[in-house]
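The values are calculated or read from the model by the stated rules, or taken from the named source; none is laboratory data. Keep in mind it's a predicted model, so treat the numbers as computed, not measured. Glycine also receives a Cβ, built like all others from the backbone with ideal geometry; neighbour counts cover every protein chain displayed.
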Amino acid sequence: MDQAEQLRNIVKMQSIPRSVSRVITVTSGKGGVGKTSIAVNLALQLQRMGKKVVILDADFGLANIEVMLGVRPTANLADLMFRGRSLTDIVMPGPEGIGFISGGSGIKELTSLKRDQIFYVMQSLAELDNIADIVLVDTGAGIAESVLDFAAASEEILLVATPEPTSITDAYALLKTLNRTKEFEAERTVIKLIANRVNSQQEGQDIFYKLSTVAEKFLNIQLEYLGAVVNDESVSKAIIQQKPLLISHPSSAASNAIRELVDTLEGEEVIKKDEGKGIKKLFTSLIHAKMRK
């Protein structure tokens, strides 16, 4: 039996937990649009609303989440995959009770795992479904393979774009490339746009109109509009201080906008907690995708 067949058998053997987390993937067409800052502050506000939140830093090789949180992790996802560490060992504590997992470089080596390693990883990730209400996956930017893998495996995506023409163009390029990815199922994926660094709410609406119009016409993808975050110098100050914006500048215009995004996100929750979803479903899809490449 070859490695791919072993992987398929292990995935089939695993039962999906009855209680699963809501998995939200945050991504963007280009870097420098404030995606990670938004992910961190969304997590913090969701935690304040009574949700247990864990952020998975899926921008492998970089350390954006931990830098913005001002926390140095002692373990990462690769420790779970290759070094026998438990899930609780790699979930690092962040501000106000949020958790985060540093990505390391483990995802690229998913299909090189041995049978017992895969079994251990899948069982461990199933535990994350039970301890987190929401898992925020912060991907890299652009159309790199790891970004497309996570986006295609996700059922709820937050796409961040700014008014810059290159940001809008690259956001569309991401959608176009994602639409060509074999694992992507548009009818089962909710994609919500966040317009960042806008000068007005109308500017945010304009970005959404531009993207949603071409996405529906040429890709048959329907976007939803989550809202906008205004351009605010407090965001840069928070990043320099290595503190979430909601902690360092809680009364800023951008903080108010983040809280409005979360109110909308919670009010429009369309991803139901059933047996087919959760973080284990996400990683099962990733393994299948890797086997086909």
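Pairs needed: first member in region 186-201, in contact (Cβ under 8 Å) with a residue 60 or more places away in the chain; second member anywhere, hydroxyl-bearing (Ser, Thr, Tyr); C-beta distance under 6 Å; at least 6 residues apart or different chains.
Every condition considered, the pairs that remain are Asn196/Thr162; Arg197/Thr162.
Test Ile271 against the stated conditions and say whether it is at pLDDT below 65, in a helix (DSSP H, G or I) and either surrounded by 21 or more Cβ atoms within 10 Å (Cβ to Cβ) or of a type outside the set (D, E, K, R) (or both).
The answer is no for Ile271.
Under the condition of being more than 15 Å from Ala78 (Cβ to Cβ) and either among the small types (Gly, Ala, Ser) or at pLDDT below 80 (or both), which residue from region 88-113 is farthest from the chain's Cα centre (by Cα)?
Per the stated criteria, the residue is Gly97.
So in region 248-258, with the set limited to residues that are part of a helix (DSSP H, G or I) and crowded, with 17+ Cβ neighbours inside 10 Å, which one is farthest from the chain's Cα centre (by Cα)?
Taking the candidates together, the pick is Ser248.
Exactly one of (1) in contact with a strand residue (DSSP E or B) (Cβ under 6 Å, 6 or more places away or on another chain); (2) closer than 24 Å to Ile134 by Cα; (3) not hydroxyl-bearing (Ser, Thr, Tyr) is unmet by Ala171. Its number?
Of everything listed in (1) in contact with a strand residue (DSSP E or B) (Cβ under 6 Å, 6 or more places away or on another chain); (2) closer than 24 Å to Ile134 by Cα; (3) not hydroxyl-bearing (Ser, Thr, Tyr), Ala171 misses just condition (2).
If you go through region 158-214, how many residues are modelled with pLDDT of 95 or more, hydroxyl-bearing (Ser, Thr, Tyr) and not in a helix (DSSP H, G or I)?
Of the residues in region 158-214, 2 are modelled with pLDDT of 95 or more, hydroxyl-bearing (Ser, Thr, Tyr) and not in a helix (DSSP H, G or I).
If I ask for residues that are β-branched (Val, Ile, Thr) and crowded, with 20+ Cβ neighbours inside 10 Å, which ones from region 199-242 would you list?
Answer for region 199-242, where residues must be β-branched (Val, Ile, Thr) and crowded, with 20+ Cβ neighbours inside 10 Å: Ile207, Ile221, Val229, Val235.
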